[in-house]
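Scroll down for the structure; my scribbles are underneath it.
The values are calculated or read from the model by the stated rules, or taken from the named source; none is laboratory data. All values reported here derive from a predicted model rather than from experimental measurement. Counting neighbours? That spans all protein chains shown, and the Cβs are built from the backbone with ideal geometry, glycine included. These accessible areas exclude ligands, DNA and RNA; they are computed on the full protein's heavy atoms, side chains included. Shrake-Rupley method; radii C 1.70, N 1.55, O 1.52, S 1.80 Å.
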Amino acid sequence: MIFVGEGALLRRAVTHAATHGHPVDLVCSADPSDAAAADAPHLAAADVNAHADTLSRAGTDGIVWSLNNRQIFREPLLRAEGLRIVNIHNGLLPRHRGLPSVAVLFALLNGDTGYGATAHEVDAGIDTGPVLAEHRFPIGPEDRYHQVMLRGIRACHALFERILPAVAAGTAHPVRATAAEPSAYYGLRALDRLATYRDHPAYPRATDLGPFATHAPEVTRALLGPPAPASAS
């Protein structure tokens, strides 16, 4: 298995896979310590797509896991023979496609009553591949951004642990295509609309980033707004 991503979610997945007897052939991330728990090779790649040959040669079972990964898989990696890429997405697909840091914000502003994590096969689109499984939880009427985000991260790891055996055994099959349900995409451009929600009743809790303020700098910047112009001396 090959792992691509960053942070604690990636490290926990690598550790879980290794301790349960699954091969960890390569870890692609910015931090070499992400591979330490599995005593696995590490690859620091700003663009993992440029290393398609390396991934193809490294994988012993053809499985590539994407966890907390901001890189978008493109050619030639997508057509690398023998590789199956599975992404664990923080959000319910296709309703919460894009950046989880932005999707959580708008889930609260849009009055969504549920959130969660989705395991899906990666295709040429962004969070558009067939869904293999999901882990849902309710959003309460008083829930705040940092609470939903934390539950989403926990849901991602729980879903990874649940689906890992089936993916490893080759028995994890699509339950539906993401196109079967209403879709919404939340990238950086969605933050341009944030100012129009300042009077929204859910705005205070939707923007209560808590400890995630440092982990979602794009949202923090949007909330602070553009810097004031320098005054003429």
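Of interest is the spacing of the C-alpha centroids, which for the stretch 122-144 and the stretch 172-219 amounts to 12 Å. Convex hull volume of the C-alpha atoms in the stretch 71-180, normalised per residue: 96 Å³. Among rounded, prolate and oblate, which fits the stretch 6-68 when a ≥ b ≥ c are the square roots of the eigenvalues of its C-alpha gyration tensor, a/c under 1.5 means rounded, and a/b larger than b/c means prolate? Note, shape of the stretch 6-68 comes out oblate.
Within the assembled protein chains, the solvent-accessible surface assigned to residue 197 is about 50 Å², based on a 1.4 Å probe. For the stretch 121-213, the mean projected area of the C-alpha convex hull, equal to one quarter of the hull surface, is 7.8 nm².
Each Lys and Arg Cβ is given +1 and each Asp and Glu Cβ -1; about its Cα centre, the chain then shows a dipole of about 460 debye. Based on alpha-carbon atoms, the Kirkwood radius and the radius of gyration of the chain give Rg/Rh equal to 1.00. Remark: the chain carries 49 Å² of accessible area per residue (probe radius 1.4 Å; ligands, DNA and RNA excluded).
Per residue, the Cα convex hull of the stretch 84-144 amounts to 70 Å³.
Return the FRET efficiency for the residue pair residue 81, residue 47: r is the Cβ-Cβ distance, R0 is 25 Å, and the value is rounded to the nearest 0.05. That pair, residue 81 with residue 47, gives E of 0.80. Seen against the Cα atoms of the chain and their longest principal axis, helix 100-109 is set at about 40 degrees.
Seen against the Cα atoms of the chain and their longest principal axis, helix 7-19 is set at about 30 degrees. Given the convex hull over the Cα atoms of the stretch 1-116, what projected area results after averaging over all orientations, in nm²? Projected area, direction-averaged: 7.5 nm².
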